[in-house]
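The values are calculated or read from the model by the stated rules, or taken from the named source; none is laboratory data. It should be emphasised that the depicted structure is a prediction, and the values quoted were computed from it without experimental measurement. Neighbour counts run over all protein chains shown; Cβ positions are idealised from the backbone, glycine included.
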Amino acid sequence: MMSDSLNDPRLGFRGWLLTDTPTSRFHARCVAFYSGWLKFRSNTMAMVGLMILILLVLIAAFAPWIAPHDPLAQDLAGRLKPPLSEGHLLGTDSLGRDILSRLIYGSRITLYIVTLVALIAPIVGLLVGTVAGYAGGIVDAVLMRLTDIFLAFPRLVLALAFVAALGAGIENAVLAISITAWPPYARLARAETLTIRNSDYIAAIRLQGAGPMRIITKHIWPLCISSLIVRVTLDMAGVILTAAGLGFLGLGAQPPSPEWGAMVAEGRRFILDHWWVATMPGLAIFIVSLAFNLLGDGLRDVLDPKDAG
């Protein structure tokens, strides 16, 4: 029946995606995805954020071919050249390194940090939150008090403490940011689980003999995913700023890595006379953080059932 609807010239593929009567589970998912995409596409600012992030991914992927210079190559004779200088579109830093090339390669470090944190923190938070919400009792009390302890400290301060204990470096910075980023996801997942666990849907599954872990992983997790996706996207700006803050303090990616926060720190000595050294990586951090916020707002409009209608 699905193939018949696809081949029907009166309906067409777009009509198949817009139908009110899907013919299969796959068809229903396609219809839901396409309707969500149409709603997301109507949000101009969300599309701007998506385009910026797609551009960032492409720049990171093709950095060796895009960068005009070696990001680590020093040229002391050409140090602190202003923007639009010959061969240096955004100028050079105190060691004569091309700022544009360093920004391009620095996008790889930013995406590396964002990707790892987005994979670690939400999964830990989802596991802790759903187990606490479904189990209740002493398990819920212990896990939530542990979560409250982490939430009691500012994220950057706690990340600084972990990095100081683990040692400087990009991997330790990612681990520290992930350790400090999971509590909000745990609280969100617990709230979602508390509203789901006593529903008739879960009671029916429990009567069929499903165990707690199967109920949590197969039936509660999928219902929490949409809220977590929105929260992850909105939190990525904070992750970028925390990573930049660690780099600024010399606890993140180590020199001569072209990490944006470290570039800002290196340029702060010349901020009055040679403003571009710190301003260019600062603008990169601002633009990418803004793009994640715009994307998160658009995804919230699409995925949050409270905003539907």
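Looking at this structure, is V277 surrounded by 23 or more Cβ atoms within 10 Å (Cβ to Cβ), outside any loop (DSSP other than H, G, I, E, B) and not polar (S, T, N, Q)? First the steps, then the outcome.
On the way: surrounded by 23 or more Cβ atoms within 10 Å (Cβ to Cβ): yes; outside any loop (DSSP other than H, G, I, E, B): yes; not polar (S, T, N, Q): yes.
It is true that V277 is surrounded by 23 or more Cβ atoms within 10 Å (Cβ to Cβ), outside any loop (DSSP other than H, G, I, E, B) and not polar (S, T, N, Q).
Please pick out the residue among L95, L72 that is surrounded by 14 or more Cβ atoms within 10 Å (Cβ to Cβ), outside any helix (DSSP H, G or I), touching a Leu at 6+ places or on another chain (Cβ under 8 Å) and at pLDDT below 95. Only one candidate passes the filter, namely L95. Across segment 26-33, not a single residue is classified as outside the structural domain of F292 (by TED's automatic domain parsing), surrounded by 12 or more Cβ atoms within 10 Å (Cβ to Cβ), free of Cβ contacts under 8 Å to residues at least 24 places away in the same chain and not in a helix (DSSP H, G or I). For segment 238-256, the condition of being over 22 Å from S101 (Cα atoms), of a type in the set (A, V, I, L, M, F, W, C) and outside any loop (DSSP other than H, G, I, E, B) holds for at least one residue. Would you please list the contacts, defined by Cβ atoms under 6 Å and residues six or more apart or on different chains, that run from a residue in segment 168-181 that is over 9 Å from I120 (Cα atoms) to a residue that is of a type in the set (K, R) and assigned to a helix (DSSP H, G or I)? Correct list of pairs: T180/R155. The residues of segment 75-92 that are at pLDDT 90 or above and among the small types (G, A, S) amount to a single one, G91.
On inspection, T147 does not qualify as modelled with pLDDT under 90, among the polar types (S, T, N, Q) and either assigned by TED's automatic domain parsing to the domain that holds V124 or part of a helix (DSSP H, G or I) (or both). Checked against (1) over 25 Å from the mean Cα position of the chain (by Cα); (2) in a loop (DSSP other than H, G, I, E, B), T195 passes all but condition (2). Candidates in segment 122-137 are the residues that are within 19 Å of the chain's Cα centre (by Cα) and crowded, with 24+ Cβ neighbours inside 10 Å; of these, the one that is farthest from S199 (Cα to Cα) is P122.
Closer than 30 Å to A61 by Cα and touching a Leu at 6+ places or on another chain (Cβ under 6 Å): does that describe P183? Please lay out each step first, then the result.
Working: closer than 30 Å to A61 by Cα: no; touching a Leu at 6+ places or on another chain (Cβ under 6 Å): yes.
Judged against the criteria, P183 is not a match.
Scanning segment 257-268 for residues that are part of a loop (DSSP other than H, G, I, E, B) and farther than 19 Å from L160 by Cα yields S257, P258.
Residues in segment 229-250 that are surrounded by 24 or more Cβ atoms within 10 Å (Cβ to Cβ) and either farther than 21 Å from V124 by Cα or modelled with pLDDT under 85 (or both): A244, L246, G247. Every condition in (1) under 25 Å from A189 (Cα atoms); (2) buried (at least 20 other Cβ atoms within 10 Å of the Cβ) holds for V288 except the one numbered (1). Residues of segment 47-61 that are among the hydrophobic types (A, V, I, L, M, F, W, C) and under 18 Å from V114 (Cβ atoms): L50, M51, I52, L53, I54, L55, L56, V57, L58, I59, A60, A61.
Here is a list: Y185, Y201. Which entry is in contact with a Pro (Cβ under 7 Å, 6 or more places away or on another chain) and among the hydroxyl-bearing types (S, T, Y)? Answer to the selection: Y185.
Among the candidates R206, R187, which residue alone is part of a helix (DSSP H, G or I), in contact with a Gly (Cβ under 9 Å, 6 or more places away or on another chain) and either crowded, with 19+ Cβ neighbours inside 10 Å or not hydrophobic (A, V, I, L, M, F, W, C) (or both)?
Details: R206 fails: in contact with a Gly (Cβ under 9 Å, 6 or more places away or on another chain).
Sole residue among the options that is part of a helix (DSSP H, G or I), in contact with a Gly (Cβ under 9 Å, 6 or more places away or on another chain) and either crowded, with 19+ Cβ neighbours inside 10 Å or not hydrophobic (A, V, I, L, M, F, W, C) (or both): R187.
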